[in-house]
Amino acid sequence: MKKAAYQTIIAEFDQWGQQHDRVCSIGCSTCCTENVTITALEGERILAYVIDRGMEQWLADRLRPPAHVERPRMTTNEFAHACINQREADPGANESLAACPLLEDDVCRIYPVRPFSCRCFISTVRCAATRPAQVDEHYLAAGTAMLQLIEHLGQKEYWGTMVDVLLALLDISAYRPVAEALADPSRIMQGRLRTMTARPLPGFLFTEAEERELRPLLQAIFTTRIGEVTVEDILNGRTDTAVSSR
């Protein structure tokens, strides 16, 4: 059910986001850096995709700890919790410009299962090292809200940079083919030690104007039915109660 809820979140966001102009295209990879953060759920989607296509050795060769990134000190929801409670918060710098290791000839090799941090990144101008992306504030607010929901969906599981989470997941038997292809198996433990734990949603960081703008998007997500329950039921952990009451 969590996988289906995740698919609903990204599908509804993709549809909602079509109203926002962008210049992004295949081969435009300036924003594709090694500092992408993901949840365990997103990591499992990537690993399953790689194994299904016989790309185990290709991925194993690229699962090296990022050399340039300063890892975040807080998850998205930890930062939101601190802000909501008016506590000083330092999420840490996460500004590496080193290319994502899963790029090949400036094209993402896992594009169909790319994590939401990648999916939501767009720009209205052509990006460059000296020219950052530009995007509407409401779009940024929506993207942050989706990241919060996705983290909530994966709470109590791994959260961190993509390489670290992928390495941490390799102890799961289903992903052993990638683990066995690693030149240095100790990377699995190293990745696990560098991950954080996904946290529940403490509330959104909306202005009143952003809340009005994004209410239809959130409503569409929450009310989508997956079998006998809604996405809101899944996010609130009410799946057993919802099913038993019918």
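The values are calculated or read from the model by the stated rules, or taken from the named source; none is laboratory data. On a predicted model such as this, the values are computed, not experimentally measured, just so you know. Glycine gets a Cβ as well: all are built from the backbone with ideal geometry, and neighbour counts include every protein chain shown. Quick note on the areas: whole protein, heavy atoms, side chains included, nothing else; ligands and nucleic acids left out. Shrake-Rupley method; radii C 1.70, N 1.55, O 1.52, S 1.80 Å.
Treating region 84-168 as a set of equal point scatterers at the Cα positions, no solvent, please give the Debye-formula log₁₀ I(q)/I(0) at q = 0.20, 0.24 Å⁻¹.
-1.41, -1.65
For Ile226, which sequence-distant residues (separation of 5 or more, or a different chain) have an amide H within less than 5 Å of its own amide H, given hydrogens modelled in the peptide plane?
When sequence neighbours closer than 5 places are left aside, the close amide H contacts are Val231.
Can you compute 3J(HN,Hα) from phi for each residue in region 133-143, using the Karplus curve 6.51 cos²θ - 1.76 cosθ + 1.60 with θ = phi - 60°, rounded to whole Hz and x for Gly and Pro?
Once θ is set to phi - 60°, the couplings for region 133-143 become 5, 10, 7, 4, 4, 5, 5, 4, 5, 5, x Hz.
In whole Hz and in residue order, list the ³J(HN,Hα) couplings for region 159-170 that follow from phi through the Karplus curve 6.51 cos²θ - 1.76 cosθ + 1.60, θ = phi - 60°; x for Gly and Pro.
Ordered by residue, 3J(HN,Hα) equals 8, x, 5, 4, 4, 4, 5, 4, 4, 4, 6, 6 Hz.
Enumerate the amide H contacts of Glu157 below 5 Å, restricted to partners 5 or more residues apart or on another chain; note that Pro and chain-start residues carry no placed amide H.
Under 5 Å from the amide H of Glu157: Ala198.
Per-residue HN-Hα couplings for region 3-15, Karplus 6.51 cos²θ - 1.76 cosθ + 1.60 at θ = phi - 60°, whole Hz, x for Gly and Pro?
So the J values, rounded to whole Hz, are 5, 5, 5, 4, 4, 5, 4, 6, 5, 5, 5, 4, 5.
If the viscosity is 0.692 mPa s and the temperature 37 °C, what Stokes-Einstein diffusion coefficient in µm²/s follows for the chain when Rh is the Kirkwood radius over Cα pairs? Working shown, then result.
Numbers: Rh = 19.0 Å.
After rounding, the answer is 173 µm²/s.
Please give the per residue accessible area of region 163-211, computed with a probe of 1.4 Å over protein heavy atoms only, in Å². Spell out each step's value before the answer.
Working: 2430 Å² over 49 residues.
For region 163-211, the solvent-accessible area averages 50 Å² per residue.
Could you grab the relative contact order for region 140-246? Cα pairs under 8 Å, six or more apart, rounded to a whole percent. Spell out each step's value before the answer.
Numbers: 98 pairs, mean separation 30.7, N = 107.
Relative contact order here is 29 percent.
Rounded to a whole number, what % of the accessible area of region 28-163 do carbon and sulfur atoms account for, probe 1.4 Å? Intermediate results must be reported in sequence, preceding the final value.
Details: 3160 of 6450 Å².
Taking all protein chains in place, region 28-163 shows 49 percent carbon and sulfur surface.
Taking Cα pairs under 8 Å and at least six residues apart, what relative contact order does the chain come out at, in percent? Can you show the working numbers first?
Values: 353 pairs, mean separation 73.1, N = 246.
Reported relative contact order: 30 percent.
Would you check the accessible area of Asp105, probe 1.4 Å, heavy atoms only, in square angstrom rounded to 10?
We get 140 Å² for Asp105.
Using DSSP to define loop residues, name the GluC sites (Glu not before Pro) in region 146-246 whose beta-carbon has at most 14 other beta-carbon atoms within 10 Å. Before the final figure, lay out each step's value.
Numbers: sites: Glu151, Glu157, Glu180, Glu208, Glu210, Glu211, Glu213, Glu228, Glu232; in loops: Glu157, Glu228.
Taking region 146-246 and a limit of 14 other Cβ atoms within 10 Å, the loop GluC sites (Glu not before Pro) found are Glu228.
Which cross-chain or sequence-distant (5 or more) residues have an amide H under 5 Å from the amide H of Thr33, H modelled 1.01 Å from N in plane?
Cys100
Taking 0.36 nm per residue of sequence separation and subtracting the Cα-Cα distance, how much length would be gained by fully extending the chain between Glu211 and Glu70, in nm to one decimal?
Full-extension gain reported as 47.6 nm.
For Ile234, what accessible surface area do you get with a 1.4 Å probe? Give it in Å², rounded to 10.
20 Å²
Give me the Debye-computed log₁₀ of I(q)/I(0) at q = 0.13, 0.23 Å⁻¹ for region 122-246, equal point scatterers on Cα only, no solvent, two decimals.
-0.81, -1.17
Return P(r) of region 183-231 (all Cα-Cα pairs; 10 Å bins starting at 0; whole %; ordered from short to long distances).
Values per bin, smallest distances first: 18, 26, 22, 22, 12, 1.
Tell me the accessible surface of Arg192 in square angstrom (1.4 angstrom probe, heavy atoms of protein chains only), to the nearest ten.
About 60 Å², ignoring ligands and nucleic acids.
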